[in-house]
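Working notes, structure below.
The values are calculated or read from the model by the stated rules, or taken from the named source; none is laboratory data. Predicted, not measured: the structure shown is a model, and the values here were computed from it. All Cβ positions, glycine included, derive from the backbone under ideal geometry; neighbour counts span all protein chains shown. When the accessible area is computed, the model is the full protein with side chains, heavy atoms only, and any ligands, DNA or RNA have been set aside. Shrake-Rupley method; radii C 1.70, N 1.55, O 1.52, S 1.80 Å.
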Amino acid sequence: MMPAPLDLLLWPFVVGLLVLSTHVPLGRRVLARGIIFLDLAVAQLAVLGVVAAHALDLAADGWPTQLAAATAALAGAAFLAACERRWPQIQEALIGATFVVAASIAVLLLAGDPHGGEQLAELLTGQILWATPEQAVRIAALYGALLAVLFWRGERLGGLGFYLVFALAITASVQLVGVYLVFASLILPALAVRGLPTRTALLAGWGLGTLGYAVGLAASAGLDWPAGPAIVVALAVCAPLGRIALRVAASRRER
């Protein structure tokens with residue numbers, strides 16, 4: 001893979017910012033609800049939908065594949081929301097089991113495909129470098145609607161409403177940036193800003209996420225690294241450093 005010229009990183013960076021727009025507030029809610037691995041489970045269900053569509057010979061970028069991914073993710077989210085109401089004490093275990101089962105079914109569906117391993121790797125690590133303006137416009141419209149619902153309803157969204165908004169956001173992002181980067185975008189900025197007031201936490205989370213995407217894409221271009229894993233590592237570095245910087249700034253204000 002040749003290093004990407006900086007002008008080719010524009011749309012991947014824009015897509016990254018759009019992913020952060022929803023994933024930072026959703027990640028904070030995931031942490032607050034104590035369901036840390038919900039994003040992995042829902043992302044894996046969306047991947048299962050994509051793999052199932054591939055197994056049925058549907059167009060890789062067509063609406064049937066998008067519908068299959070959304071259906072799998074929404075059905076799984078509704079199931080997990082019902083589990084949370086019925087068995088809240090074992091919700092994390094059920095989420096983990098859902099992830100493992102969905103991942104195993106995806107592997108079985110791809111077992112007879114000579115290119116199955118490559119496709120699965122792409123769904124895990126993403127193809128953010130190939131993001132296009134058309135994809136950015138589509139997810140911007142979807143994320144705008146989801147953010148409006150998220151902030152308009154707030155806590156009144158309820159468990160099922162949150163799970164469904166979450167599933168739609170994850171379905172859109174996982175096919176662009178991959179499962180690993182979806183998890184990192186949700187959890188790492190949210191961990192860095194935990195305990196802060198909502199407005200401050202969102203602004204700081206978006207800022208740290210933006211820095212992580214910028215550093216990761218720059219490293220990918222300069223060092224010929226795969227973009228998705230490079231951004232994940234950059235977020236993993238920026239999040240704790242950002243946490244330390246926020247704590248230092250807060251202690252100075254208290255003096």
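Structure data summary
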quantity: Dipole magnitude of the chain, debye to nearest 20 (Cβ charges: Lys/Arg +1, Asp/Glu -1, about Cα centre); calculated: 1480 debye
quantity: Heavy-atom accessible area per residue - the chain, 1.4 Å, Å²; calculated: 49 Å²
quantity: Carbon/sulfur fraction of accessible area - region 70-205, other protein chains in place, 1.4 Å, %; calculated: 69 percent
quantity: Formal net charge of residues neighbouring His115 (Cβ-Cβ distance under 15 Å; K, R +1; D, E -1); calculated: -4
quantity: Options Ala82, Ala219, Ala250, ranked by Cα towards positive dipole end of the chain, top entry (Cβ charges); calculated: Ala250
quantity: Positive-pole candidate from Tyr143, Val47, Ala172, dipole of the chain, charges at beta carbon; calculated: Tyr143
quantity: R0 of 45 Å, Cβ-Cβ distance Ala148-Val107: FRET efficiency to nearest 0.05; calculated: 0.75
quantity: Simple Cβ-charge dipole of region 191-255, Lys/Arg +1 and Asp/Glu -1, about Cα centre, in debye nearest 20; calculated: 480 debye
quantity: Whether region 147-251 is rounded, prolate or oblate, judged on the alpha carbon gyration tensor where a/c under 1.5 counts as rounded; calculated: oblate
quantity: Nitroxide proxy distance, nm - points 7 Å out along Cα→Cβ at Thr198 and Arg138; calculated: 3.2 nm
